[in-house]
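Worksheet for the structure shown next.
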Amino acid sequence: MPRIRRTLIAATAVLIGGTVGAAAPAEAAPVSLVADPAAYVDPFVGTTRGGNTWPGATRPFGMMAWSPTATTGDQTTSPASNGYDWNVTRMRGLSLTHVNGAGCSPGAAGDIPIMPYVGAVDSSPTADTRDAKYASSFSHANESATPGRYAVTLDSGARADLAVNVRAGVGDFTFPAGSAAQLLFRTSNSLNGSEDASIVISPGRRTVEGWVLTGGFCGRRGNGGGATNPNRRSYYKVYFSASFDRDFASTGTWVNGTLQPGSTTANGGEGYLTGADRAGKGSGGWVGFDTATDSDVRMRVGISYVSLSGAAANRDAEVPEGSTPSTVGDATRAAWNTELKRIGVAGGTEERTKAFYTAVYHALMQPQTMNDLDGQYLGADMVAHRLRAGQKAVYGTFSGWDQYRAQIQLLGLLRPDVAGDMATSMLDFAAQNGGVWDRWLHLGAPTHVMTGDPAAPTLATWHAMGVRNFDARAAYDSLARQATVQNPDALSDAGCPGQCKGQRPTLNTYLALRYAANDICHCWGGAAETLENSLADFSLAMWASRLGVENPFLSRGDYWKNTYNPAVGYQAARRADGSWQAGFTPSTDVGFAQGSSATYTWMVPQDVSGLATLMGGRPAAAARLDTLFHDENGNWAVLGGNALRYDPTNEPGIHAPWLYNGLGQPWKTQETVRQIVDTAYGIGPGGLPGNDDLGTMSAWYVFAAIGMFPQVPGRAEMLLGSPVFTRVELNRSNGVRLTVTSNTTGTYVQSTRLNGSRLTRSWLPESYVLRGGTLDFTLGTSANTTWATAPADLPRDQ
């Protein structure tokens with residue numbers, strides 16, 4: 001996921017709230033699956049140490065995500081990408097939309113902060129540029145979060161208790177008796193600013209309605225084109241409609257520094273910059289309440305990306321009159337339990353079970369529902385469209401470069417129906433975007449963030465996993481065209497390096513040279529682009545074979561070999577004239593995107609044997625791989641902070657621990673994955689190693705904990721590690737069941753059986769994913785260095 005810089009995790013990092021300790025192997029009788037997995041979810045996990053998660057209320061795949069926007073004294077920014085950091089205990093509002101774990105700061109959304117304020121509104125809240133007055137501190141002792149519900153008592157004495165459905169929520173706000181009590185609607189104060197905003201207060205109807213025209217994802221990013229960043233623009237309008245259970249005692253609005261007591265309408269945006277260019281700008285309004293005899297206020301609020309009427313209809317249908325935080329929260333908790341129980345576990349430690357179900361929770365926050373209940377949704381062209389016939393929902397927000405490595409596989413396993421509707425949504429977004437599949441979608445809009453062509457491996461993987469509720473041939477044809485015909489923006493440098501506008505940049509030259517020339521590629525880094533495109537093309541080749549169509553892509557899956565420099569034994573940046581970029585070292589990031597050559601050299605999961613051959617054979621390659629996970633003294637080095645070692649905080653190398661299976665040393669996958677599980681991940685606010693990236697890091701943990709990991713995008717085979725639970729039952733929404741059992745929670749595989757038959761391979765065939773089955777592990781405390789090591793038993797390449 002995008003970042004201005006990645007948090008470097010020192011080897012001595014302490015996880016706030018404790019680490020997940022290694023379980024001592026012990027024989028155990030079969031135990032029941034966790035009955036209430038929602039009880040093990042801690043929404044505060046990942047809210048510091050760069051995880052960029054947030055603790056507020058949301059529903060699986062929800063449109064609304066009601067969570068705090070914190071402040072460190074600057075109204076034009078926030079302490080974390082998505083508005084909340086555990087170490088910052090002062091907030092300026094409770095915003096209605098969020099994106100999970102985005103890496104640039106601010107990331108996106110944080111729309112319509114609503115602030116319960118104790119005191120008189122006698123100056124413009126926008127003029128309070130340092131958040132000195134119209135904000136409040138709070139203590140974590142007075143804050144709570146569970147799946148679907150969030151509550152906090154501010155030091156001002158005001159309390160908010162929030163719960164949500166998919167598109168709407170209900171909040172109880174309590175003020176000190178007899179106090180001046182206000183709710184401030186900061187309509188223009190989205191995390192990245194706004195182009196325009198509007199508020200209309202209707203005392204007779206007891207409603208507050210409005211909208212904000214905004215966007216700006218990663219719009220302040222230093223490595224995204226500076227002042228020419230193409231994301232400093234609006235690409236969505238979100239509407240809200242709030243209804244109250246009691247009359248207003250007062251109303252007012254503000255525009256910039258001007259306060260308008262008694263007013264009921266206001267308009268004005270903030271712009272997309274920061275500091276003095278944005279400070280003091282924007283609009284909003286407030287409603288006040290008489291607390292002499294009643295200090296409680298209940299508000300129901302709905303949102304829509306299409307219209308005010310859609311927001312009101314969503315509200316009234318999903319949180320009808322009489323709804324309370326308890327009734328709505330209980331229903332959403334039940335909805336979360338339905339999703340969490342799709343992957344039941346038993347026999348793990350308390351800490352690992354908490355880490356596991358919190359990871360599943362974070363992984364299933366996205367994709368986000370975009371359509372209203374009437375079927376309308378906002379397209380990539382900012383025009384209202386309707387669901388296709390048979391499509392149950394339109395989903396958006398796709399962190400492609402991150403998600404295609406783990407999160408989309410977990411989604412495809414658990415919810416193939418949602419994956420299919422997401423594939424349909426992406427196909428339609430591309431059609432609305434001139435046929436271009438963008439790398440990173442916020443809602444349905446292109447943001448151009450990162451590199452490669454991740455939509456191709458995403459849809460190819462879903463198809464391999466049996467997802468069929470989308471037009472696979474139309475999607476393949478569209479993506480194949482994008483990989484074959486250069487589009488008009490392919491030679492643009494707008495947004496480069498971090499948000500290059502062109503998709504498949506400099507395609508004609510890439511196809512001629514068979515690599516992305518670093519000096520003319522109009523991309524983030526030529527070597528990274530080559531590796532990403534090679535993997536995407538391999539995925540398209542696998543997909544073409546399944547569809548039975550002409551397949552021009554298989555040979556293109558080998559283009560990664562053209563940026564492998566045999567003189568140094570690493571992937572490296574190469575120029576258009578064929579020469580190698582001068583000054584190479586393994587730690588360089590020249591030619592790469594958010595990673596070093598030492599990491600990216602291993603990004604060839606589609607051809608592990610080919611990579612091993614270039615490195616001198618499998619034993620030599622395995623010895624090389626050892627140095628990625630250990631320092632020069634042989635100590636583990638898996639926490640990040642060293643460009644020569646494994647980085648658990650970023651995506652290009654997260655598959656690397658599983659490569660030992662293809663190198664004939666699977667016991668090293670088992671011990672390396674377990675080391676990462678037990679040290680880089682944990683519980684408490686610091687429990688993620690880095691940006692969650694729309695559930696990607698969480699999905700990695702889920703796979704590691706159940707003892708299997710996707711081998712390569714575009715296919716459905718699974719590589720084996722060792723589970724941390726004695727029983728796992730994964731129930732796909734299409735009725736297929738996958739079961740995993742083990743005798744202990746030891747680290748090392750001694751033997752395995754698949755559907756009762758001895759399994760001598762360290763991988764599972766696609767049939768296991770497509771038709772289900774039972775995998776039985778016998779685990780122990782010492783490595784079995786003979787299991788699954790025969791050449792015939794190694795994972796197959798290509």
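Output the lone cysteines of the chain: those with no second cysteine's C-beta under 4.7 Å from their C-beta.
When partners are defined as cysteine Cβ atoms under 4.7 Å apart, the chain leaves no cysteine without one.
Through the Karplus equation 6.51 cos²θ - 1.76 cosθ + 1.60, θ set to phi - 60°, convert the phi angles of the stretch 426-438 into ³J(HN,Hα) values in whole Hz; use x for Gly and Pro.
Those phi angles translate into 5, 4, 6, 4, 4, 4, 6, 10, x, x, 9, 8, 7 Hz.
Using only the alpha carbons, work out the radius of gyration and Dmax of the stretch 643-758 in angstrom.
Computed over the Cα atoms of the stretch 643-758, radius of gyration and Dmax are 14.5, 44 Å.
For the Cα atoms of the chain, what angle does the longest principal axis make with the long axis of helix 472-482, in degrees from 0 to 90, nearest 10?
80
For the stretch 341-793, give the magnitude of the charge dipole about the Cα centre (Cβ charges: +1 Lys/Arg, -1 Asp/Glu; no others), in debye to the nearest 20.
So the magnitude is around 1140 debye.
To make sure I understand, if each residue's beta carbon is the centre and we count other beta carbons within 10 Å, what order do Trp54, Trp700, Trp602, Trp636 fall in, fewest to most?
Ranking Trp54, Trp700, Trp602, Trp636 by Cβ neighbours within 10 Å, fewest first, gives Trp636, Trp602, Trp700, Trp54.
Are there GluC sites (Glu not before Pro) in the stretch 512-601 that DSSP puts in a loop and that have at most 10 other Cβ atoms within 10 Å, and which ones?
Taking the stretch 512-601 and a limit of 10 other Cβ atoms within 10 Å, the loop GluC sites (Glu not before Pro) found are Glu550.
Work out Dmax and Rg for the chain from the C-alpha atoms and quote the Rg first, both in angstrom.
25.8, 81
No solvent, one uniform scatterer per C-alpha: report log10 I(q)/I(0) for the stretch 230-273 via the Debye equation at q = 0.14, 0.15, 0.20, 0.32 1/Å, two decimals.
Here log10 of I(q) over I(0) equals -0.55, -0.62, -0.90, -1.17.
Per residue of the stretch 164-173, what does 6.51 cos²θ - 1.76 cosθ + 1.60 with θ = phi - 60° give for ³J(HN,Hα)? Whole Hz please, x for Gly and Pro, Karplus curve as stated.
9, 9, 5, 10, 8, x, 10, x, 9, 10
Can you work out the Karplus-derived ³J(HN,Hα) for every residue in the stretch 539-555? Use 6.51 cos²θ - 1.76 cosθ + 1.60 with θ = phi - 60°, whole Hz, and x for glycine or proline.
Whole-Hz 3J(HN,Hα) from phi for the stretch 539-555: 4, 4, 5, 4, 5, 4, 4, 5, 7, x, 10, 4, 10, x, 9, 4, 5.
Local charge sum around Ala573 (other residues, Cβ-Cβ under 11 Å, Lys/Arg +1, Asp/Glu -1)?
My count for the surroundings of Ala573 gives -1.
Under 9 Å from the Cβ of Met299, count the other residues' Cβ atoms, weight Lys and Arg +1, Asp and Glu -1, and hand me the total.
Neighbourhood net charge equals 0.
Take the alpha carbon atoms of the stretch 419-535, find their radius of gyration, then divide it by 2.2 N^0.38 Å using N residues; give the quotient.
So the stretch 419-535 has a normalised radius of gyration of 1.02.
Neighbouring Cβ atoms within 10 Å as the yardstick, rank Trp462, Trp787, Trp580 fewest first.
Arranged by neighbour count, lowest to highest, Trp462, Trp787, Trp580 become Trp580, Trp787, Trp462.
State, as an integer percentage, the relative contact order of the stretch 341-793 based on alpha-carbon contacts under 8 Å between residues 6 or more apart.
16
How large is the helix-only mean residue ellipticity at 222 nm for the chain, computed as the sum of -39500 (n - 2.57) over DSSP H runs with n ≥ 4, divided by its residue count, in deg cm²/dmol to the nearest 500?
So the calculated ellipticity at 222 nm is -6500 deg cm²/dmol.
Give me the count of lysine pairs in the chain whose alpha carbons sit under 27 angstrom apart, restricted to pairs 8 or more positions apart or on different chains.
Lysine pair count for the chain: 9.
Can you list residues from other chains, or at least 5 along the same chain, whose modelled amide H is less than 5 Å from the amide H of His630?
Those qualifying (amide H under 5 Å, at least 5 residues apart or on another chain) are Ala637.
Quick one: net charge of Val383's neighbours, Cβ under 14 Å, K/R +1, D/E -1?
Net local charge, Val383 excluded: 0.
Fewest Cβ neighbours within 10 Å first, please rank Thr97, Thr69, Thr752, Thr588 accordingly.
Going from sparsest to densest Cβ surroundings: Thr588, Thr752, Thr97, Thr69.
Rule-based calculations on the coordinates, nothing more; no lab input. Everything numeric in this text was worked out from a predicted model, so none of it was measured. All Cβ positions, glycine included, derive from the backbone under ideal geometry; neighbour counts span all protein chains shown.
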